[in-house]
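Input: a single structure, listed below in structure tokens.
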Protein chains: 2
Amino acid sequence: MDEKLMERLQQIRKLLHAEQLKLTPQREATVRVLLENQEGHLSAEEVFMLVKQKAPDIGLATVYRTLELLVDLRVIEKLNFGDGVARYEFRENDQPHHHHHLICLNCGRVSEIEDLLGDLEKKIEERHGFQITDHRVSFLGYCSRCRGKGPA
Amino acid sequence: MDEKLMERLQQIRKLLHAEQLKLTPQREATVRVLLENQEGHLSAEEVFMLVKQKAPDIGLATVYRTLELLVDLRVIEKLNFGDGVARYEFRENDQPHHHHHLICLNCGRVSEIEDLLGDLEKKIEERHGFQITDHRVSFLGYCSRCRGKGPA
DNA sequence: TTTGTCTTGCGACCCTGTCCCATTATAGTC
DNA sequence: GACTATAATGGGACAGGGTCGCAAGACAAA
């Protein structure tokens with residue numbers, strides 16, 4: 001696990017260097033937080049709080065800038081669950097993401113399920129002349145723990 | 001077209017009355033704007049601008065309140081295309097919406113396509129114990145006019 | 001060491017949206 | 001029509017998330 005983390009970190013360092021950018025301590029701390037919370041779908045604010053523990057002097061703007069940078073580098077992905085905050089998630093490779101989200105309307109938990117759309121995109125491209133580069137699917141409802149509770 | 005509009009307006013008036021609420025001139029103006037721009041996916045700000053033309057003295061807060069009210073009454077639906085603003089769309093009936101969106105990354109145009117998920121929800125409910133009440137699907141890419149242009 | 005560039009932290013600021021509150025409009029009753 | 005209770009309004013203050021400009025700091029290359 002730890003070697004994998006270091007490996008990924010080196011990989012990102014190279015990505016940055018290729019663009020004449022640096023993996024500064026602040027950026028490294030941010031990446032580490034994201035790597036250590038891959039299942040978390042953290043918001044920028046949450047990332048900021050966690051990074052503060054590693055690097056107390058870091059500024060909020062730096063975290064935002066780093067997240068934006070990582071999105072541009074396609075290292076992470078910016079997600080939108082409709083709760084008013086942007087959330088971030090690692091991208092396993094350079095592909096568009098192909099998993100989908102189950103969003104619980106009671107507890108807010110977000111879990112992931114495999115891709116469902118299969119070759120549907122091809123049909124849409126043909127029928128609508130629309131060149132698809134990515135898709136987002138979210139199912140809203142109640143997770144197994146919250147079934148029958150209604151909205152919080 | 002105009003009779004249909006009046007009919008819908010009466011329908012909404014009744015809905016409001018059933019809750020001891022009134023269809024005030026401000027609310028009526030807001031509903032009219034929404035009815036006249038059913039394909040527009042208007043943001044609150046856009047609705048406000050258009051309503052101002054009909055009723056120049058209306059306040060922004062009133063428009064927001066009216067939109068929220070109409071969402072509660074399930075007359076309209078609040079949509080989120082990830083561009084940082086809420087958008088609103090009429091609901092044809094009392095069902096959860098079952099059409100999906102094609103969002104063009106170049107010109108921002110949003111078009112609609114029919115429901116794609118069919119009975120997929122049942123499978124997910126079984127497999128994940130997740131009680132689904134709605135779903136959102138968006139495909140991102142380039143519409144027929146913008147193909148090959150890349151992001152704006 | 002010097003220089004140029006990338007980064008940073010900070011605070012000001014922007015934007016969408018909500019809240020509070022005093023005032024006004026409305027429907028229902030007499 | 002007058003009265004009353006309640007719904008609704010406009011305006012401004014405010015909140016949360018996020019961006020921007022800028023002066024200062026860190027770093028790599030020469």
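The distance separating the Cα centre of the stretch B:61-80 from that of the stretch A:54-85 comes to 31 Å.
Give the ranking of A:VAL63, A:VAL85 by solvent-accessible surface, highest area first, calculated with a 1.4 Å probe.
Details: A:VAL63 0, A:VAL85 60 Å².
Descending accessible area places them as A:VAL85, A:VAL63.
When chain B is treated as a GNM with alpha-carbon contacts under 10 Å, the residue of B:GLN38, B:GLN53, B:GLN20 showing the greatest mean-square fluctuation is B:GLN20.
Counting Cβ atoms of other protein chains within 10 Å of each residue's Cβ and taking the mean over peptide B:122-131 gives 5.
Per-residue Karplus couplings for the stretch B:125-130, computed as 6.51 cos²θ - 1.76 cosθ + 1.60 with θ equal to phi - 60°, are listed in order as 4, 5, 6, 10, x, 10 Hz, Gly and Pro entered as x.
Taking amide hydrogens as placed 1.01 Å from N in the peptide plane, the amide H of A:LEU105 sits under 5 Å from those of A:GLY141, A:TYR142, A:CYS143, each at least 5 positions away in sequence or on another chain. The phi torsions of the stretch B:39-45, fed into the Karplus equation with coefficients 6.51, -1.76 and 1.60 and a -60° offset, translate into couplings of 8, x, 6, 6, 7, 4, 4 Hz, rounded to whole numbers, with Gly and Pro shown as x. Around the amide H of B:LEU42, modelled in the peptide plane, lie the amide H atoms of B:TYR88, all under 5 Å away and 5 or more residues distant in sequence or on another chain.
For chain A, modelled as a GNM whose springs connect Cα atoms under 10 angstrom apart, the maximal fluctuation among A:GLU114, A:GLU28, A:GLU125 occurs at A:GLU125. Once backbone amide H atoms are built at 1.01 Å from N, A:HIS135 has B:LEU140 as its partners under 5 Å, excluding neighbours fewer than 5 places away on the same chain. Summing both sides, the accessible surface hidden between A and B at a 1.4 Å probe radius is close to 3100 Å².
Taking the protein heavy atoms of the protein assembly as shown in the context of the full set of protein chains, the accessible area attributed to carbon and sulfur is 49 percent at 1.4 Å.
Using a/c under 1.5 as the rounded threshold, could you call the stretch B:2-90 rounded, prolate or oblate? The axes a ≥ b ≥ c are square roots of the C-alpha gyration tensor eigenvalues, and prolate needs a/b larger than b/c, oblate otherwise. It is rounded, given that a/c, with a ≥ b ≥ c, falls under 1.5. The angle between the Cα long axis of helix A:2-17 and the longest principal axis of the Cα atoms of chain A comes to about 80 degrees, rounded to the nearest 10. Can you bin the stretch A:99-141 into rounded, prolate or oblate? Criterion: square roots of the alpha carbon gyration tensor eigenvalues sorted a ≥ b ≥ c, rounded for a/c under 1.5, prolate for a/b above b/c, oblate for the rest. Because a/c hits 1.5 or more and a/b exceeds b/c, the stretch A:99-141 counts as prolate.
Within the listed set A:GLY141, A:GLY59, A:GLY129, the Gaussian network model of chain A (springs between alpha-carbon atoms below 10 Å) gives the highest mean-square fluctuation for A:GLY129. Of A:LYS78/B:LYS78; A:LYS14/A:LYS54; A:LYS54/B:LYS123; B:LYS4/B:LYS123, which sit over 32 Å apart, Cα to Cα? The pairs that break the limit, which is 32 Å between Cα atoms, are A:LYS54/B:LYS123; B:LYS4/B:LYS123. For the protein assembly as shown, the gyration tensor built on C-alpha atoms gives a prolate shape. Its axis ratio a/c (a ≥ b ≥ c) is at least 1.5, and a/b is the larger of a/b and b/c. Between helix A:60-72 and chain A there is an angle of about 60 degrees, using the helix long axis and the longest principal axis of the Cα atoms. If both residues of a DSSP beta bridge must be in the protein assembly as shown, then about 80% of such bridges are antiparallel.
The values are calculated or read from the model by the stated rules, or taken from the named source; none is laboratory data. The structure displayed is predicted, hence computed values, not measured ones. Neighbour counts run over all protein chains shown; Cβ positions are idealised from the backbone, glycine included. Accessible surface is based on the protein model in full, side chains and every heavy atom, while ligands, DNA and RNA are left aside. Shrake-Rupley method; radii C 1.70, N 1.55, O 1.52, S 1.80 Å.
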